[in-house]
Amino acid sequence: MAFIVKKNIGGREYYYLNENKRIGGKVKTKTLAYLGKNRKDAEKKAEEIINKIKNEASAKENKKIEDRTGNEDNISEYKLEHKKTSIDELANFCKAKGFIFRSSDIYGGFSGFWDFGHLGVELLKNIKDDWWNYFVRRKDNVAGIEASIISHPKTWKASGHIAGFNVNDYLVVCKKCKRSSKVDKPDLGKVKCDNCGGEYDWDSAKVVEQMFKTSVGPDKQEVYLRGETAQAMFMNFKLITQTSRMQLPFGIAQIGRCFRNEIAPRDFLFRSREFHIAEIEFFINPEETRCSLLTKKHLDLKIKFLDSESQRAEKKELKETTIGKIIKEKRLVEWHAYWLAEQILWLDTIGLKDLKIREHTKDELSHYSSATFDIDFDYSFGSKEIAGNANRGTYDLMQHQKESGENMEVFDDKAGKKVLPKVIEPTFGVERVFLALLSGNYYKNPKGETVLTLPPKLAPIKAAVFPIVKGARFEKTAGQIARNLKQEFNVLYDKSGSIGRRYARNDEIGTPFCITIDGDSLKKEDVTIRDRDTKKQIRVKISNLKDTLKKLIEAEISFDEAGKPFNF
Ligand SMILES: [Zn+2]
C-alpha cells in the first residue's frame, strides 16, 4: 500500500508518495511520485495517484480474465453467420492466410497456374485422402493407381483428343469491347460476346490447341501433358484385372494433375491450366442392367434436378426428385445412378450440400458419352460445377483396342463369356471441392472476425496448443502435449499474444480445437479443449487427450460428450 512521507531538506518540507515492497525476503521502499511542498496538495495528489493505480490494476485483472477465457461475449448467445464472398475476396483471403498464391508471384504471377501455401497443401491433402478412403479403401471393388503424366503419343490419338478435344477451342475477339474469349467449335458464328453482348470478329477466330505439347528424348518425339486422368486407367485396365484379380464389375481410381491450355483462364481456380482430377473408371458388363450395390439409401436420395427437356425449353426451374425416380424415367442406367448417388453422398460427408444435378442435353455430350450429369455447388459467387458423371460406354476400350492391337476383353464369370466392358466415370475437380469448402464455411462471429468452419477431418490444423500461464513449467508441459499430439495430427503450438488473439488466429484458418494449459493443469493433470464453432470448453485428462481428440476429429463423439463442461 502506498503512503505519504515528509522529508526535510535544507529546512524545507518535501512530500513524496512511497510504497513498501517485499523483494527476495527483504522489505524495500520505492518512491512512486513527488507530491510537492504543501501537505494539503500532497494529500490530494496522492489520492489521485492511488486511485489511478487501483483502476489500472483492476483493468489489468479484467483483461486477464478476458484473456483466460477469450470470451467477452456470452457463449449462449454466440452465433456465427455465413458470409457471402466474391471470388476476388476469397482469392485475397487464400493469399493472406497461406492457402493459395499466384504461381511465380514475384514475377507478377503466371496466368492459369496456382501454388498451394502451407495451409492449402494440408487442406488439399486432406481432401485427397478423404476421397481416397471413401472411394478406394472402403470399397471392395475399386483399385487405385497413379500413372505418369506423359504417356505414349498414341494415347491421345486413340482417345480422340487430337482430332476432337484438342482443336475444339477457338480464340475470338469482341469487335465492341475488344475482350478475347473462348468459343467452342460448334458455336462458331453463333454466339455473342459474353462480356458485352457485342459481335465477335469471326474472320480472325483461330484454334488454340488444348493440350500442352512437349518433346521427349534426343529425337524430340512429340508428346502431350495429359488433358485428363482417364486414359491411363483404360490403358492399365487389363493389367489391373490380372494383378488385382478383380472381377467385373469393378473400378480403377486415380487422383492426379491434368493440364489444359485454357484460352482465357479466369475465375481464380475455376478455369486454370493445371489442376487435379479425382476420378473412377468403373467397368461393367454392357449387358448387365442391374446394380447389386444400389440400396434404399441411394434410391431415396433426394436431389434437385434440371433435366435436358427443361433446358431445351430454356427453363431453369429445378425439380425435386430422387435417384430412384430418375432411374425409372430411364435417364440413366442403375450403375450410373449408383455412382451419381455415391458422389452426392461423399460430398455430403464433407458438408457440401445444396447440390444441383444437371442432365446434359444431347448436343453438349462429349464425343465419348451417351449420358452425362453435372453436379453443381452453390458457391457464394454463383452456382458452378464441382463434379460430373459420364457414361462413356465401350468407346475408350474399343479405341485403345483398335490403336494398340491388344484385346481389351475380359472374361465375365457371371455371364460365362468374354466381354468388352462399358464404363461409368464419376469425376471430381479437386480444386473445386477445395473452393467449395472455403466458400461454404466462410463465417463471421459477432465481433466480425472470420471463422472458417471446416469439417475437423479436413481442417489443415487439427488443434492448437496454448500455455496460458507464463512460466517454464507450464510451457514445458504444453510443449510436451503438443509434441505428443504431433505424432498423430497436424498440431500448432502457440505461446505468443493474448489468448483471445490466439483463438481468433486459429478460428480464421479453421482450427477446430484449441487446447489450453492453465494454472490447474499441472496439479490436476488436465487441460481445456475449446470448440471453434460454439466457444464451449470442456476439461479433459491429459492422458485421454489424444484419444479424445481423435474421436472429435473423426466426429465419432459430439463435443459435449467428449469431456466435463468447463466454465470460468
Ligand atoms: Zn464484348
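The values are calculated or read from the model by the stated rules, or taken from the named source; none is laboratory data. From a predicted model like this one, the values you see are computed outputs, not experimental measurements. Neighbour counts run over all protein chains shown; Cβ positions are idealised from the backbone, glycine included. The protein model used for the area step is the full one, side chains on, heavy atoms only, and it has no ligands, DNA or RNA in it. Shrake-Rupley method; radii C 1.70, N 1.55, O 1.52, S 1.80 Å.
List of remarks:
- Ordering 422-435, 141-154, 523-536 by mean Cβ neighbour count within 10 Å, with the highest value first, yields 422-435, 523-536, 141-154.
- Alpha-carbon radius of gyration plus Dmax, which is the widest Cα pair, for segment 266-311 in Å: 17.2, 43
- Alpha carbon centroid spacing (whole Å) that separates segment 77-105 from segment 119-147: 25 Å
- Orientation-averaged projected area, Cα convex hull of segment 461-568 (nm²): 6.1 nm²
- Under the Karplus curve 6.51 cos²θ - 1.76 cosθ + 1.60, θ = phi - 60°, whole-Hz ³J(HN,Hα) for segment 547-553, x wherever Gly or Pro sits: 5, 4, 4, 4, 5, 5, 5
- Only alpha carbons enter this Debye calculation for the chain, each as an equal point scatterer, and the log10 of I(q)/I(0) it gives at q = 0.11 Å⁻¹ is -1.12.
- Taking Cα centre as origin and charging only the Cβ of basic (Lys, Arg, +1) and acidic (Asp, Glu, -1) residues, the dipole magnitude of the chain rounds to 3180 debye.
- Accessible surface of segment 90-172 [probe 1.4 Å, protein heavy atoms]: carbon and sulfur percent: 54 percent
- For the pair segment 403-444 and segment 25-57, the centres of their Cα atoms are 79 angstrom apart.
- Amide H partners (placed H, <5 Å) of K536, local residues excluded: D531
- Accessible area (Å², per residue) of segment 288-333, counting only protein heavy atoms and a probe of 1.4 Å: 71 Å²
- With a threshold of 25 Å on the Cα-Cα distance, the over-threshold entries among K84/K356; K176/K356; K297/K330; K83/K176 are K176/K356; K83/K176.
- The slack between E77 and K551, meaning 0.36 nm per residue of separation minus the straight C-alpha distance, is 168.0 nm.
- Carbon and sulfur %, accessible surface of segment 406-500 computed with the full protein complex present, 1.4 Å: 49 percent
- Under 11 Å, Cβ to Cβ, from T229 - net charge with Lys/Arg +1 and Asp/Glu -1: -3
- The residues of segment 349-490 have, on average, 40 Å² of accessible surface per residue, using a 1.4 Å probe with all protein chains present.
- Inter-part distance where segment 498-567 and segment 288-347 are each reduced to a Cα centre, Å: 41 Å
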